Amino acid sequence: MSVARHGFAALLAALVVLAAPAARAADVCDAPAELLGPIEPLRHAAHAIAQRRALRVLVIGSASSTQGGTSGPQTAYPQQLKIALGAKLAETEIVLQTRGGRGLSAADLAGLLDAALPEFHPDLVIWQTGTVDAVNGVDPDEFAQVLRTGADRAQAAGADLLLMDPQFSRMARATLNYTPYRQAMEAVANATDAMLLRRYELMKHWVESGQIDPERSPRRDWPKVADTLHACLGRAIAAVIIKGVREAER
């Protein structure tokens, strides 16, 4: 990655931490149903819950999945997801692992996925990606092929897959074209029966409705508002998972 691209990627990773500081998480997590669908049945997750009373969740992703500017690892969205799932599935043990880091492309994350599948044996994989590939100008067709191969491997290993697309920011929208990467993720989800969480549209809704507005928070409030944003995202993912499990139980 060039110095300019590296600097911009770091800035983009930081943008996910910004949100309106005044409201509490419970007040700003509104998400219209159409932004949390379509829902696909999560059959492996449903089976694990029914048969083992345990759900093994693997989160792989770049910077926003590992901490994303929050006040600490426990407030990043994977741990907030674990808390939200635990509240909804009180009799189920939630076992969660997060793998990834800053600046990792979809191809980098696919390697982590390949290593994690036989080691961790997840029932559900959440794969957050797209931002780094857009910053680096990766060919969207190559990006889609990486996702398709990873999706096939995850599902062959007995795991459901939830893809999560890039975060929304005004600066990114002005300088990057996320559209082909978001379209590629949707196409892969449709072709593999994976589910897609449209984080871009969800965060755009939070911005435009005034609930959470990235890029307009005082620097001193960044950790606090990042915690709010990650809590909302964790709850949204948990809601999608629960709906997918219920769909599989029908």
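What residue among HIS230, ALA248, PRO166 has its Cα farthest toward the positive end of the dipole of segment 141-248, where the charges are +1 on Lys, Arg and -1 on Asp, Glu, each on the Cβ?
Selected residue: HIS230.
Classify segment 110-196 as rounded, prolate or oblate, taking a ≥ b ≥ c as the square roots of the eigenvalues of its Cα gyration tensor: rounded when a/c is under 1.5, otherwise prolate if a/b is larger than b/c and oblate if not. List each step's numbers first, then the result.
Working: a/c = 2.13, a/b = 1.99, b/c = 1.07.
Verdict is prolate for segment 110-196.
Mean separation of Cα pairs under 8 Å and 6+ residues apart, divided by the residue count of the chain: what relative contact order is that in percent? Write down the numbers at each step before the final one.
Values: 457 pairs, mean separation 88.3, N = 250.
The normalised contact order for the chain reaches 35 percent.
Please list log₁₀ I(q)/I(0) at q = 0.07 Å⁻¹ for the chain, using the Debye equation with identical point scatterers on the alpha-carbon positions.
Log-scaled intensity ratios, in q order: -0.20.
Expressed as a fraction of 2.2 N^0.38 Å, the rule-of-thumb size for a compact globular protein of N residues, what is the C-alpha radius of gyration of segment 144-250?
Details: Rg = 15.9 Å, N = 107, 2.2 N^0.38 = 13.0 Å.
This ratio for segment 144-250 stands at 1.22.
Starting from the amide H of ILE126, placed 1.01 Å from N in the peptide plane, find each other amide H under 5 Å away whose residue is 5 or more places distant or on another chain.
The list, which skips near neighbours in sequence, is LEU58, VAL59, ILE60, LEU162.
State the Cα centre-to-centre distance between segment 202-250 and segment 38-115 in whole Å.
15
Rule-based calculations on the coordinates, nothing more; no lab input. Computed from a prediction, not measured in an experiment: that's the story for all the values here. No Cβ is skipped: glycine too gets one built from the backbone with ideal geometry, and neighbour counts run over all protein chains shown.
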